[in-house]
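**Q** A single structure is presented below for examination.
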Amino acid sequence: MTTQPDTSAAPKQTGFAATDVLVNEFDGGPDTVQRAGTTPDELQPHTELGLKDDEYDRIRQILGRRPTASELAMYSIMWSEHCSYKSSKVHLRQFGDKAPRGTRMLAGIGENAGVVQISDDLAVTFKVESHNHPSFVEPYQGAATGVGGIVRDILAMGARPIAVMDPLRFGAADHPDTARVLPGVVAGIGGYGNCLGLPNIGGEIVFDPTYQGNPLVNALSIGVLPVERLQHKEAAGVGNIVVLLGARTGRDGIGGVSVLASATFDDEAEQRRPSVQVGDPFMEKLLIESCLELYDAGLVAGIQDLGGAGLTCALTETAAAAGTGMRVWLERVPLREASMSPTEILASESQERMLLIVTPQNLEAVLSVAEKWGVWATAIGEVTPAGEDGSPGRLVISWNDHVVVDVPPGSLADDGPVYARPIREPADLILLQADKAETLPRPATGDELRATVLRMIASPNLCDKTWVTEQYDRYVLGNTVLAQPEDSGVLRIDERTGLGVALSVDGNGRFARLDPYEGARLALAEAYRNVAVTGAEPVAVTDCLNFGSPEDPAVMWQFAEAVRGLADGCQQLGTPVTGGNVSFYNQTGAAAIHPTPVVGVLGVFDDVARRIPMGFQTPSGDGDLLLLLGE
Amino acid sequence: MARVVVDVMLKPEILDPQGQAVANALPRLGVDNVSSVRIGRRIEIEFAGAPDLDRAREIADKLLANPVIEDFTINVHEDAAAEVA
Amino acid sequence: MARVVVDVMLKPEILDPQGQAVANALPRLGVDNVSSVRIGRRIEIEFAGAPDLDRAREIADKLLANPVIEDFTINVHEDAAAEVA
Amino acid sequence: MSMRIGVVTFPGSLDDGDAARAARIAGADVVRLWHGDPDLHGVDAVVLPGGFSYGDYLRCGAIARFAPAMESIIDAARGGLPVLGICNGFQILCEAHLLPGALTRNQHLHFRNRDQWLRVEGTNTAWSNAFTAGQEVLIPVKNGEGCYVADERTLDALEAEGRVVARYIRGNPNGSQRDIAAITNEAGNVVGIMPHPEHAVEALTGPSLDGLGFFTSVLRALAGASAGANAGGHQ
Ligand SMILES: Nc1ncnc2c1ncn2[C@@H]1O[C@H](COP(=O)(O)OP(=O)(O)O)[C@@H](O)[C@H]1O
């Protein structure tokens, strides 16, 4: 039997991808735990994988030996900024500390998405996430897989996804690169969302040169679930089976998360291109239907979506959450390319996959539901006990009888490094703030005013957005009560009672650049108002924090201020943050984007028929009174 | 008249949902000896004068193929006489 | 290994907006000697055993091409050695 | 007895729930049919809903056409069963050769979703008899491959035989030849329509209630047929 990874078949050098360093494992087979024990001094490419020297030392300490190639890749993924929140954690705590959780929240920060109860028996889950870097590299697929990823987060909570929104930021409207990126992004969001049957109920399109080399593609999804269908990611129940559901695993986006989302983005992007993933919305649709059928039949003990960090993340998080161990046979994973090495299988970002924990009795039933919908389902492992002394179990992964991973899963999922990064107010801020709007010339005559209004209406940021929104299906599922051009999307949730929700996403990077604290509060206030004016009661917040490099103290200051502002705002409004996403390293060279906190607010209607659209109501419009509320 | 044909296919390691969907549908047509289907694009470019291979390559590279996920090949067809079904 | 290639092109009388969009974009690339561009599909079918031309023709006829708007041609490629760009 | 309308779900069907809702609002009993099940469960009419069956990879509707349920529907349609294909369903009906012509990529190459005005012309079908000829209706379109094409002879025949059921007015959203939005077969029992009447059946969620007419039409046709049958058949 040959166990050597077929490196000759690896067709290309992919610049800086984990595989190039790790696939050449060694002549006799993959790098095993046993071998790691006997070759303690072997040099390992931890810096290339984005791990700092002291982080590498900690890994050795945790394992009591050097990591295997597969383990090293796993730590590099899980301890990346994107997965570990190592720079943001200390700040994000304020969300939980300041705003009351309230009685509605069934799941909050730390889960795949926050879950909010909206009636005795129904809950909704919603979250916004970024897919900025992949969308710059390959706009169509980057944006498409961004939608796919957030939808799987929603699905993992037990919900049927029911809508999407897409807050977008591009460079100058007349820049040639915008002409490349924007149509691809819009087509990708539409292509995936339309094919999945999710109405697009709103979003934003903002043009600003600050995003020229680093557009922002954020995607929000919302789903609905019966309260008792809420799912958990814990790999509970010793002896339970670990099932991989969905698409086969290929060499997609290996190194993508740790590389694309956790390092400064510059011209080397060209070389990193092969780490792009391709989405298959049809497969995702089948995955959704099969998961929902499995939930309803009570066949799922635990579930986790496979996102950017692939199997690595799903295996370690499900095991860590339960405190159990897990035994996984990697050669059972269905592959698109037979020559993939164990490291590649663990790092692959192939889309449209979920990890299920099921009891042995239910395995047959699970496989037959998958077969009905035509998706792959494979038992790849089982849940093993915690240590006899009560210590957490271990994650042991083999590949054709070679043990390539043997780690405490918590060390990957929960015990990553945490940094209190230095912060310093940007040096130019005082000057920027001194340059007040009052100093600008104002239109003095009627003609000047008219010219100003016309110029504003025609500006890319304010003009009609129909040319984009027409490419999105807003009708599918038949519950869209308000969508564009309204300020909030409104959905009917329950046809019998009229129960419904409103959602708005807003952000203002220019304002946040001038004052990130107030900028974040402003974004929250705008989304909150947009929801409130429809007649809904705002109840929960999600956010996507798009910033430059956390290693730049000025950016870190912006981040700290924005989080403080958002947390204070939520405290004042009494509305909890239920989940969100941090996207760092949005910069070109040394130039960071404007700090761009994007805030989503969810509101609830008892009866959605009472929603108030923003236009004047015909036929009663004539003679209606206009009132200005507020200062 | 001569035309240049550009065949654009997904790189082998890239997922091909189209090909997969067709492959999965074949058993229903009673076909069970197909091991894989890949679907790409075929682009026929007709030149006003002589076929211009360099030009065609430039067009393919800039416009027809997405180098991030696709490869292309170029051929000249002297008045295309392939086996027509 | 041998594969069968099915090329599916829109019938000449059917409008091809995609091809036209490419043709219209060419002058912007400085290309002005192209008289027409047509875009179709190239489908590569790999058989488990020997390439089965009759089978391929049947698949093409039933599934791969829509005879109302498309024509197809079939070729066998012995381990594809076309000019790779 | 109320009429039973079957709504087929293919893998990738998206507007199946909406078609079912519309049929229910129109007063029908709805039976959900599964693509893999050749049994039509005795329904009185069938709706092939919108969506992206099989991802609409290859060509829209090309793969769905071979589903076991479709084999039964093709036979039944030839025998007179009323069948409505909406959007993807229209594409499937063309692929199955129950309707002539084909639906191709929108000429502007984009997916387009908007509220669209139509003029209903052919009102002698099972699915459009509730309209008056020339009636203008507002119904959402949403498609990427909705451009109807057929050869001139076919188009002329459709016009001459009054088989153009609806036409786009005030703008053609996809480049369809002769602004065709919906057609029927010779017998008038099979109709394909590119816009989505099932999304214009409730004031809360649609731009109008105009879509309901397509579903009430079939109930009228069926009631007429059974009344006729009870009375000993047509002359
Ligand atoms: N990327 C997008 N995706 C979906 N809807 C969008 C997008 N951008 C804008 N919209 C929608 O278009 C409408 C107008 O947008 P915009 O001009 O930004 O409105 P406003 O300035 O009032 O927020 C809104 O309903 C908004 O939700």
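**Q** Dipole size in debye (nearest 20) for the protein assembly as shown around its Cα centre, Lys and Arg Cβ +1, Asp and Glu Cβ -1? Could the numbers behind the result be given before it?
**A** Values: 84 positive and 137 negative charges, 335 e Å.
Dipole magnitude for the protein assembly as shown comes out near 1600 debye.
**Q** Same structure again: How far, in nm to one decimal, is B:SER36 from itself in the other copies if the label point is set 7 angstrom along Cα toward Cβ? Shortest first, please.
**A** From this label point to the equivalent ones elsewhere in the assembly: 3.5 nm.
**Q** Whose Cβ in chain C comes nearest the axis that rotates C onto B, and by how many Å?
**A** So the closest residue, with its distance, comes out as C:ARG42, 2.
**Q** May I pose another question? Given a 1.4 Å probe, show me the residues in region D:65-101 buried by at least 50 Å² of accessible surface when comparing the whole protein assembly to the chain alone.
**A** Residues meeting the cut-off: D:PHE66.
**Q** Here is a follow-up. With a Förster radius of 25 Å, plug the Cβ-Cβ distance of A:LEU625 and A:ALA532 into 1/(1 + (r/R0)^6) and report the FRET value to the nearest 0.05.
**A** The value I calculate is 0.80.
**Q** Related question: Once the label point is set 7 Å along the Cα-to-beta-carbon vector, what list of distances in nm do you get between B:GLY49 and its counterparts in the other copies?
**A** B:GLY49 label point versus its equivalents elsewhere: 5.4 nm.
**Q** Continuing with this model, one more query. Run the numbers on region D:24-158 and let me know its relative contact order in percent, using alpha-carbon pairs under 8 Å that are six or more apart.
**A** Values: 196 pairs, mean separation 28.5, N = 135.
So the answer I get is 21 percent.
**Q** Whenever you get a sec, compute what percent of the accessible area on region A:25-119 sits on carbon and sulfur atoms (1.4 Å probe).
**A** Accessible surface attributable to carbon and sulfur in region A:25-119 totals 51 percent.
**Q** Where only protein heavy atoms count, and the probe is 1.4 Å, what is the accessible area per residue for region D:1-145 in Å²?
**A** Values: 4320 Å² over 145 residues.
Heavy-atom SASA per residue in region D:1-145 reads 30 Å².
**Q** Ignoring ligands, DNA and RNA, what accessible area per residue does chain A give at 1.4 Å, in Å²?
**A** 38
**Q** Can you give me the Cα centroid spacing of region A:457-530 and region B:62-76 in angstrom?
**A** Distance between centres, Cα-based: 39 Å.
**Q** Using only protein heavy atoms and a 1.4 Å probe, how much accessible area in total is buried between A and D, to the nearest 100 Å²?
**A** Numbers: alone 25750 and 9840 Å², together 33280 Å².
What A and D bury together is about 2300 Å².
**Q** What does the convex hull of the Cα atoms come to per residue for the protein assembly as shown, in Å³? Mind showing how you got there, number by number?
**A** Details: hull volume 200.8 nm³, N = 1036.
Taking only Cα atoms, the protein assembly as shown has a hull volume of 194 Å³ per residue.
**Q** What percent does the relative contact order of chain A come to when contacts are Cα pairs within less than 8 Å and at least six residues apart?
**A** 19
**Q** Helix A:69-78 sits at what angle to the longest principal axis of chain A, using alpha carbons and giving 0 to 90 degrees rounded to 10?
**A** 20
**Q** If you take each beta carbon of peptide D:14-24 and count the beta carbons of other chains within 10 angstrom, what is the mean?
**A** 3
**Q** Something else about it: What does the average come to when, for each residue of peptide A:458-471, you count the partner chain Cβ atoms lying within 10 Å of its Cβ?
**A** For peptide A:458-471, the averaged partner shielding equals 1.
**Q** May I ask you to order A:526-539, A:498-511 by the average number of other C-beta atoms within 10 Å around their residues, highest value first?
**A** Working: A:526-539: 21.5, A:498-511: 24.2.
With the highest mean Cβ count within 10 Å placed first, the list reads A:498-511, A:526-539.
**Q** So how much accessible surface do C and B hide from each other in total, probe 1.4 Å, in square angstrom to the nearest 100?
**A** Working: alone 6340 and 6290 Å², together 9080 Å².
Using a 1.4 Å probe, the pair buries roughly 3600 Å².
**Q** List for region D:120-156: residues with 20 Å² or greater reduction in accessible area, all protein chains versus chain alone, probe 1.4 Å?
**A** With the partner chains in place, region D:120-156 has these residues losing at least 20 Å²: D:LYS142, D:VAL149.
**Q** Now a separate question. Report which residues of region A:285-306 become buried by 40 Å² or more of accessible surface when going from the isolated chain to the complete set of protein chains (1.4 Å probe; DNA, RNA and ligands ignored).
**A** A:LYS285
**Q** For A:475-488, what's the mean count of beta carbons from other chains sitting within 10 Å of each residue's beta carbon?
**A** 5
**Q** Just check chain D against the gyration tensor rule for me: Cα atoms, a ≥ b ≥ c as the square roots of the eigenvalues, rounded for a/c under 1.5, and otherwise prolate or oblate depending on whether a/b exceeds b/c. Intermediate results must be reported in sequence, preceding the final value.
**A** On the way: a/c = 1.32, a/b = 1.19, b/c = 1.11.
Rounded is the answer for chain D, as its axis ratio a/c remains below 1.5.
**Q** Could you tally the net charge around D:MET70, taking each other residue with its Cβ under 12 Å from the Cβ of D:MET70, Lys/Arg +1 and Asp/Glu -1?
**A** Value of the local net charge: -2.
**Q** Follow-up. What percent does the relative contact order of region D:106-235 come to when contacts are Cα pairs within less than 8 Å and at least six residues apart?
**A** Normalised by residue count, the contact order of region D:106-235 is 29 percent.
**Q** Okay, next question. Considering only the other residues whose Cβ falls under 9 Å of the Cβ of D:ARG21, what net charge follows from Lys and Arg at +1 and Asp and Glu at -1?
**A** Residues near D:ARG21 contribute -3 overall.
**Q** Next question, about the same structure. Using Cα centres only, tell me the gap between region A:568-586 and region A:213-250 in whole Å.
**A** 22
**Q** Follow-up. When the helix-only estimate is applied to the protein assembly as shown (DSSP H runs of n ≥ 4, each -39,500 (n - 2.57), divided by the residue count), what is the mean residue ellipticity at 222 nm, nearest 500 deg cm²/dmol?
**A** Helices in the protein assembly as shown give a 222 nm mean residue ellipticity of -8500 deg cm²/dmol.
**Q** I would also like to ask the following. Could you compute how much accessible surface D:HIS97 exposes when probed at 1.4 Å, giving the result in Å² to the nearest 10?
**A** 100
**Q** Oh, and also: Rank-order D:211-220, A:584-593, A:131-140 by packing density, defined as the average count of other C-beta atoms within 10 Å over each peptide's residues, highest first. Write out the running numbers ahead of the final one.
**A** Working: D:211-220: 23.7, A:584-593: 19.9, A:131-140: 25.8.
Output ranking for D:211-220, A:584-593, A:131-140: A:131-140, D:211-220, A:584-593.
**Q** So, one more: Go through A:242-251, B:24-33, C:51-60, D:122-131 and give me the packing order, highest mean Cβ count within 10 Å leading.
**A** Top of the packing list down: A:242-251, D:122-131, C:51-60, B:24-33.
**Q** Interface B/A, total buried accessible area with a 1.4 Å probe, nearest 100 Å²?
**A** What B and A bury together is about 1100 Å².
**Q** So, one more: Report, in debye and to the nearest 20, how large the dipole of region A:120-165 comes out about its Cα centre when Lys and Arg carry +1 and Asp and Glu carry -1 on their Cβ.
**A** Charge dipole, region A:120-165, about its Cα centre: 100 debye, nearest 20.
**Q** Taking the solvent-accessible surface of protein heavy atoms with a 1.4 Å probe, what is the per residue accessible area of chain B in Å²?
**A** I get 43 Å² per residue for this part.
**Q** Expressed as a whole number of Å, what is the distance separating the alpha-carbon centroids of region A:273-325 and region D:170-203?
**A** 39
The values are calculated or read from the model by the stated rules, or taken from the named source; none is laboratory data. As the structure is a prediction and not an experimental result, all values here were calculated from the model. As a convention, Cβ positions derive from the backbone with ideal geometry for all residues, glycine included, and neighbour counts pool all protein chains shown. To get the accessible areas, we keep the full protein, side chains included, count just its heavy atoms, and leave off ligands, DNA and RNA. Shrake-Rupley method; radii C 1.70, N 1.55, O 1.52, S 1.80 Å.
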